[in-house]
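The values are calculated or read from the model by the stated rules, or taken from the named source; none is laboratory data. These numbers were taken from a predicted model, which means no experiment stands behind them. Positions of Cβ are generated from backbone atoms using ideal geometry, with glycine treated the same way; all protein chains shown enter the neighbour counts.
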């Protein structure tokens with residue numbers, strides 16, 4: 001389930017593909033359950049990549065200190081590298097569903113009992129923190145993608 005589609009204007013699709021392959025460590029398994037956290041930095045490698053017949057998926061390589069950030073997967077269609085789509089990793093998506101369900105249930109019980117549930121602010125805070133961390137990860141990912149796309153190698 002993709003939540004954002006980004007179109008890259010007026011750039012050469014072959015150049016984008018070459019740069020993506022240049023700055024990506026290739027993996028042979030899906031990135032949905034893969035950890036991209038490492039203490040050892042690979043020079044000039046920003047993403048882990050998984051390629052199938054139709055697309056290339058990228059997962060940002062992070063430090064162990066960034067482990068709390070939700071993971072975003074960037075998908076490029078192999079036929080058109082002038083656009084990419086963003087989605088959450090499977091574990092992050094499950095966490096979104098659980099947090100949202102908890103918030104909705106708390107709101108429902110508060111309306112039903114006509115009294116604000118005591119857990120409302122706690123669950124609301126967890127949702128707010130998660131979305132704030134997701135926004136930070138989104139900014140990190142888009143910054144790295146822009147850096148890769150605009151590299152002149």
Residues in region 144-153: is at least one under 13 Å from the mean Cα position of the chain (by Cα) and either surrounded by 13 or more Cβ atoms within 10 Å (Cβ to Cβ) or in a strand (DSSP E or B) (or both)? yes
For residue 37, all conditions in the list (1) modelled with pLDDT of 80 or more; (2) touching a helix residue (DSSP H, G or I) at 6+ places or on another chain (Cβ under 8 Å); (3) closer than 16 Å to residue 141 by Cβ hold save one; what is the number of the exception? (1)
One residue is enough: does region 108-130 have a residue meeting the conditions surrounded by 18 or more Cβ atoms within 10 Å (Cβ to Cβ) and over 27 Å from residue 49 (Cβ atoms)? yes
Just give me the residues in region 79-112 being in contact with a strand residue (DSSP E or B) (Cβ under 7 Å, 6 or more places away or on another chain), under 18 Å from residue 126 (Cα atoms) and touching a residue at least 40 places away in the same chain (Cβ under 8 Å), in sequence order. 88
Reported set for region 64-78 where residues are assigned to a helix (DSSP H, G or I) and either out of contact with any strand residue (DSSP E or B) (no Cβ under 8 Å at 6 or more places or on another chain) or free of Cβ contacts under 8 Å to residues at least 12 places away in the same chain (or both) is 65
Residue among 59, 31 that alone is surrounded by 14 or more Cβ atoms within 10 Å (Cβ to Cβ), farther than 14 Å from residue 79 by Cα and at pLDDT 85 or above: 59
Only one of (1) surrounded by 15 or more Cβ atoms within 10 Å (Cβ to Cβ); (2) within 30 Å of residue 13 (Cα to Cα) does not apply to residue 80, and that is (1)
Considering every residue within region 81-88, establish whether at least one is modelled with pLDDT of 90 or more and either more than 30 Å from residue 152 (Cβ to Cβ) or part of a helix (DSSP H, G or I) (or both). yes
Would you check if there is a residue in region 90-106 being part of a loop (DSSP other than H, G, I, E, B) and surrounded by 13 or more Cβ atoms within 10 Å (Cβ to Cβ)? no
Considering only region 112-130, I want to know if a residue exists there that is within 13 Å of the chain's Cα centre (by Cα) and either under 22 Å from residue 3 (Cα atoms) or not in a helix (DSSP H, G or I) (or both). yes
Of all the residues that make up region 85-108, how many are farther than 21 Å from residue 73 by Cα and touching a helix residue (DSSP H, G or I) at 6+ places or on another chain (Cβ under 9 Å)? 5
Would it be correct to say that residue 5 is under 19 Å from the mean Cα position of the chain (by Cα), more than 22 Å from residue 152 (Cβ to Cβ), modelled with pLDDT under 85 and exposed (fewer than 13 other Cβ atoms within 10 Å of the Cβ)? yes
